[in-house]
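The next block holds one structure in the form of structure tokens; read it before the comments.
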Amino acid sequence: MFLIFTPAVEQVLILVLAAVLPAAYLMHYVWKEDTVEKEPCSLLASLIIFGVLAALAAMVLEIVINGNILTSFTYPSKISYIIIDAFSVGLIEEGCKFFFLKKKTWKNPNFNYRFDGIVYAVFVSLGFAAFENILYVFSYGLETALFRALLAIPAHMGFAVFMGSHYGRAKGCSDIGDRRGMKINLWAGYLQAVILHGFYDTCAVMENETMTIIFFAFVVLMDIAVIRMIKKDSREDRPI
């Protein structure tokens, strides 16, 4: 039985590939940097699915919290509302990613090296980002894919690298009985991701020249920092 590629089917495939390929490329990049011991493909695939589940959970929570609760308050200015809304999105989305990340991997026997924390967090985050990207591309068209490939998808990976680096350290602390160190690292990873996410969204939504300059400077600096962090954590990887 042959699949007939009608123009409509071809258009759908192009949109899906444009939405998914940037996330797949970054997953492969992080996977390559895991030089000591590769993670099972089945585990990585499940993390992508958990990322999609995190995106669905975040959508529901954002409708309830941002759509109903935040809009019921009166804010002194549009700017204050943008900031509150942006950081609430960061809290929700990074919280959902963290919840599904920890639920799937914390007690997994394959979580035995510190760099695994980055790999796991990135795969969950990019599963989230790929699903979100599909929705954006189908809603706003193919031109949206380029901007999100250069900005939003790497940003999601960046938030995940900060979270994952601390997540790997937290697992190491847990395995030696250092509960204080575990809690500090778990909270540090989550809060860093929230702050970066909230600042990114705030700058992206603000409609003035100064914030646009700050936004692009922030994106470049974060991307550089993330690449350096990946290289450093990969080079200094150690067993948990």
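Sorting Cys41, Cys203 by accessible area puts them as Cys41, Cys203; the probe is 1.4 Å, largest comes first, and only protein heavy atoms count. The mean sequence separation of alpha-carbon pairs under 8 Å and at least six residues apart, normalised by the residue count of the chain, gives a relative contact order of 28 percent. Assuming charge only on the beta carbon of Lys and Arg (+1) and of Asp and Glu (-1), the dipole of the chain about its Cα centre is about 880 debye to the nearest 20.
Within segment 203-240, what residues put their amide N at less than 11 Å from the label point 7 Å along the Cα-to-Cβ vector of Tyr25? Inside the label zone: nothing. Using the Cα gyration tensor of segment 74-224, with a ≥ b ≥ c the square roots of its eigenvalues, what is the shape: rounded (a/c below 1.5), prolate (a/b larger than b/c) or oblate (neither)? Since a/c reaches 1.5 and a/b is larger than b/c, the shape of segment 74-224 is classed as prolate.
Rounded if a/c is under 1.5, else prolate if a/b beats b/c, else oblate: with a ≥ b ≥ c from the C-alpha gyration tensor eigenvalues square-rooted, which is segment 113-173? Before the final figure, lay out the partial values.
Details: a/c = 4.59, a/b = 3.10, b/c = 1.48.
It is prolate, given that a/c is not under 1.5 and a/b is the larger ratio.
Magnitude of the charge dipole for segment 103-240, about its Cα centre and with charges confined to Cβ atoms of Lys, Arg (+1) and Asp, Glu (-1), is about 840 debye.
Summary value for segment 69-171: 33 percent relative contact order, contacts being C-alpha pairs under 8 angstrom separated by 6+ residues.
Springs between Cα atoms under 10 Å define the GNM used for the chain, and in it the highest mean-square fluctuation of Arg169, Arg228, Arg148 occurs at Arg228.
GNM remark for the chain: springs join alpha carbons under 10 Å apart, and the peak mean-square fluctuation among Val12, Val137, Val124 falls on Val12. Between the residues Leu70, Leu196, Pro7, the greatest Cα displacement towards the positive end of the dipole of the chain, with unit charges on the Cβ of Lys, Arg, Asp and Glu, is found for Leu196. Here the Karplus relation 6.51 cos²θ - 1.76 cosθ + 1.60, evaluated at θ = phi - 60°, turns the backbone of segment 188-204 into coupling constants of 4, x, 5, 5, 4, 5, 5, 4, 5, 5, x, 5, 4, 5, 4, 5, 5 Hz, with x for every Gly and Pro. Ranked by solvent-accessible area (1.4 Å probe, protein heavy atoms only, all chains present), the residues Ser174, Ser88 order from largest to smallest as Ser174, Ser88.
Step through the table entries Lys103/Lys231; Lys78/Lys183; Lys32/Lys97, compare each Cα-Cα distance with 24 Å, and write down the pairs that go over it. Show your work: numbers first, answer last.
Details: Lys103/Lys231 27 Å; Lys78/Lys183 36 Å; Lys32/Lys97 22 Å.
Exceeds cut-off: Lys103/Lys231; Lys78/Lys183.
Each of Ala129, Val220, Ile176 was placed along the dipole of segment 97-240 (beta-carbon charges, centred on the mean Cα), and the one lying farthest toward the positive end is Ile176. Near Tyr113, the amide H atoms lying under 5 Å from its own belong to Ile240; only residues 5 or more places off or on other chains count, and H is placed 1.01 Å from N.
In the chain, helices alone account for a calculated mean residue ellipticity at 222 nm of -28000 deg cm²/dmol, with every DSSP H run of four or more residues adding -39,500 (n - 2.57). Of the listed residues Tyr136, Tyr190, the order by accessible area with a 1.4 Å probe, largest first, is Tyr136, Tyr190. GNM on the chain, alpha-carbon springs under 10 angstrom: the most fluctuating residue among Ile14, Ile65, Ile134 is Ile14. Taking the accessible area of the chain, probe 1.4 Å, and keeping the other protein chains in place, the carbon and sulfur fraction comes to 70%.
What residues of segment 23-63 lie in the reach of a label at Tyr81, counting those whose backbone N is under 19 Å from a point 7 Å from the Cα along Cα→Cβ? Flagged as within label range: 62-63.
The values are calculated or read from the model by the stated rules, or taken from the named source; none is laboratory data. Everything quoted here is computed from the prediction, not taken from an experiment. All Cβ positions, glycine included, derive from the backbone under ideal geometry; neighbour counts span all protein chains shown. The area values use the complete protein model at the heavy-atom level, side chains included, leaving out ligands, DNA and RNA. Shrake-Rupley method; radii C 1.70, N 1.55, O 1.52, S 1.80 Å.
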